[in-house]
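To start, the structure under review is shown below, and the notes come after it.
The values are calculated or read from the model by the stated rules, or taken from the named source; none is laboratory data. In this text, all values refer to a predicted model and were calculated from it rather than measured experimentally. Neighbour counts run over all protein chains shown; Cβ positions are idealised from the backbone, glycine included.
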Amino acid sequence: LRFEDIQSNSNRQYISLDYAFASSGSYDSGAAARRSEEKSLAKQGKTEKKAEKERLKAEKKAEKERLKAEEQAAQTKTEMKEHYNKGSELYAAGKYKKAIKEWEEVLELDPQHQQSKDSIEKARKKLQE
């Protein structure tokens with residue numbers, strides 16, 4: 001086994017420690033140091049696995065929340081469309097007050113909905129005629 005053939009850094013460290021302790025005559029304490037390092041690395045590996053598990057759990061939760069928000073947004077958009085269209089039908093039938101109420105429902109869901117604002121203004125003008 002050649003030093004250059006060792007892939008992992010930790011194995012290189014162990015071999016270096018082994019050579020150093022063997023040449024100094026205190027190989028037994030070198031083996032103890034290596035075992036201590038192995039335990040430390042094992043503990044670190046468990047910590048990394050736990051961190052990875054927590055990260056995956058957080059990602060899964062975030063994805064679930066994102067999907068829920070998407071679903072809520074789609075539902076809100078559908079409700080807005082229904083209220084807006086109903087308001088348009090009521091307006092066409094001359095039921096301006098009811099049309100305004102429908103468009104106000106749209107504005108409760110999206111206060112920036114310009115078409116509803118414009119339609120309400122138009123219906124109020126019709127009521128004043």
_Breaking point among (1) of a type in the set (A, V, I, L, M); (2) within 30 Å of S119 (Cα to Cα); (3) out of contact with any helix residue (DSSP H, G or I) (no Cβ under 9 Å at 6 or more places or on another chain), for A62_ = (2)
*Right, K64: surrounded by 10 or more Cβ atoms within 10 Å (Cβ to Cβ), basic (K, R) and touching a residue at least 12 places away in the same chain (Cβ under 8 Å) or not?*
no
*Go through the residues of the range 75-89 one by one and say whether even a single one is more than 30 Å from K125 (Cβ to Cβ) and loosely packed, with under 12 Cβ neighbours inside 10 Å.*
yes
*Among the helices (runs of 4 or more DSSP H) lying completely within the range 1-119, list those that include at least 1 residues that are at pLDDT 80 or above and more than 28 Å from the chain's Cα centre (by Cα).*
27-92, 96-109
